[in-house]
């Protein structure tokens, strides 16, 4: 027997003995990632070595099993039917290895039945994942706008009393109703401002033409001359007084 073939058979048998204990757990815990990784590495090693040694039957079966377990590692759901097919594939690999060790050649036969089942498990799992991803999302009911909620502002200065406190007003506090009533009364008394554009300015009275100063002076100078009585001279006054004396005597 070739040394490479003997070494391959020895290592593969030891690996299968180690995995045998985990195969039962894998059947009970199909989502156990550690067990799945151990079985995957075993099948992957068998596939790679068979390609190097020229063992096509064993290589084809190991490749199909590796593909399915790789999908499980990528997140494809593990089903009980798929686990059963994997366990059947491991048993078939053991049978081929036993014949290879006995005759130093792969036993005649075909493993198409198991390969088809392994490939079918891959297709079904991928289809289920695609259907789950493409499932229509239920439309949410239309949102009904809620009535706006009035937010009551808390008094900051301590003067206004919050009506929701359900307590009597303190001295100096004003209720919101009274404050609102005061605002309304103030709003009624305030006159409506008139736009500047509508206000028409009244024309200013025309200024009287100034009277020339010279004419005013002449008028004032002329007036006393017309009204004043003629002044008597001193001689006239003396003659008047003499006549008065003569008449008295």
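Only the coordinates and a few stated rules stand behind these numbers; no lab work does. If you're wondering where the values come from, they're calculated on a predicted model, not measured in any experiment. Methodologically, a virtual Cβ is constructed for each residue, glycine included, from the backbone with ideal geometry; neighbour enumeration extends over all protein chains shown.
Hey, fewest Cβ within 10 Å first, where do 184, 6, 57 land in order?
Details: 184 9, 6 12, 57 18.
Neighbour counts put them in this order, fewest first: 184, 6, 57.
Computed over region 3-131, the percent of Cα pairs more than 21 Å apart is 37. Across all Cα atoms of region 1-60, the radius of gyration (one decimal) and Dmax (whole number) stand at 13.0, 40 Å.
Measure out, as a whole number of angstrom, how far apart the alpha-carbon centroids of region 83-131 and region 39-61 sit. That distance is 12 Å.
Applying 1/(1 + (r/R0)^6) with R0 = 51 Å to the Cβ-Cβ distance of residue 184 and residue 131 gives a FRET efficiency near 0.15.
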